[in-house]
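Here is the structure we will look at.
The values are calculated or read from the model by the stated rules, or taken from the named source; none is laboratory data. The shown structure was predicted, so the numbers you read here are calculated from the model rather than taken from an experiment. When we count neighbours, we look across all protein chains shown, and the Cβ atoms used for this are built from the backbone with ideal geometry, even at glycine.
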Amino acid sequence: MSIRNRRRSRTILAAFAGAAVLAVSACSGSSDEPAAGNETSAAAADVSIFMAPKFTGLAYFEVARAGGERAGEELGIDFQYVGSDEPDATAQVQTLENSITQKPSALVVSAIDGGAVSPSLKKAMDAGIVVVTYDADAEVDARDIFVNQLSYELAASTMLDAALLNDPEGGKIAFVSASPTAPNHTAHVKIMKELIDTDPAYSALSYIDTVQFAGDDEQKSFDIAVNLMQDPDLKFIISSSAATVPAAAQAVVAQGRQGEVYATGFALPSSMKEFVADGSVKAFALWDPAELGYVATMAANQLVTGEITSEEGQVVKAGDAGDFTVGADGELLYDKPLVFTAENIDEYDF
């Protein structure tokens, strides 16, 4: 069954269910009919959403988990955080397969390897389970909506802007990604290279063409950074990984290269405060992972309840986080980048 047919089937089922409820309500004259609020609570009690990060234990995903839990509490639904602590596609596939047997209403997934997990996600969709990806996408036909923290173009330019805040004179960049199959990291690096090659705003920057891969592992990130600093012309180590950037910053300090090499990209402010305080990092970026997890969980719930579909133009209402419109191919852009410096880092507690 194609994704479009799967979505149409869900819409038809939701409409049928809604019509049935209206018919029963119209035929009932009972004075002890449950109040509307009770009906909502009963419906919410039947909804279960499983959030599956790339792997558990990484601080970034724990913050996103808190946002999902907040959404679950507000909605009165069953929210569960599931996964393996192994940063491995096979382990995530096993998590997803196990989850499917439990028949949750929805899966909210950050794909460690978009291609590897897509067959399981398609299986979930065929079983009537809503699939929302966040942070890192799967194949388009393997999910309903992708809640993208930043458009790939915005993410790329934000990281390059952060690099130039560290040193406006520019210099040579080394890129470190999680893996060659991490869809968001791969896109970020590709676009950063294109911007450096074509955009005058980044003409002071150059790059090492070969990308290093650290698997979101702190020790491996540290070791890679130490090795990269053997290049005397290196100025920046840039990564989309919230595990790699602080580890690379630690390597810069350990090698006594403060002021010569800067680690930047995306990282939690809590992991970078010491480096900003000592001046070894002047700027880096991210978004609010808790709010991202909140929005993704809200989107999943609204797909489950039939409040929205995955069609372009649909609007996810995510409480105090705001309203977000579904774009082409089911992509919803969160697009709230945050750039952290000594002036503002203490304002953030994640």
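Would you be able to tell me the number of residues in the stretch 288-312 that are buried (at least 24 other Cβ atoms within 10 Å of the Cβ) and not in a helix (DSSP H, G or I)?
Going through the stretch 288-312 one residue at a time, the tally reaches 1.
When you go through (1) surrounded by 24 or more Cβ atoms within 10 Å (Cβ to Cβ); (2) in the same structural domain as ASP329 (by TED's automatic domain parsing); (3) free of Cβ contacts under 8 Å to residues at least 40 places away in the same chain one by one for GLU139, which number turns out not to apply?
(1)
What helices (runs of 4 or more DSSP H), lying completely within the stretch 55-172, carry at least 2 residues that are at pLDDT 95 or above and under 30 Å from ASP278 (Cα atoms)?
Passing ranges, in order: 59-75, 152-166.
What do you reckon, is GLY327 at pLDDT 95 or above, on the phi > 0 side of the Ramachandran plot and of a type outside the set (D, E, K, R)?
Considered against the rule, which asks whether it is at pLDDT 95 or above, on the phi > 0 side of the Ramachandran plot and of a type outside the set (D, E, K, R), GLY327 comes out as no.
Quickly run through the stretch 153-202 and pick out the residues that are under 18 Å from LYS282 (Cβ atoms) and among the charged types (D, E, K, R).
The answer is ASP161, ASP167, GLU169, LYS172.
From the list VAL253, VAL339, VAL326, VAL315, pick out the single residue that is touching an Asp or Glu at 6+ places or on another chain (Cβ under 8 Å) and free of Cβ contacts under 8 Å to residues at least 12 places away in the same chain.
Being touching an Asp or Glu at 6+ places or on another chain (Cβ under 8 Å) and free of Cβ contacts under 8 Å to residues at least 12 places away in the same chain holds for just one of VAL253, VAL339, VAL326, VAL315, which is VAL315.
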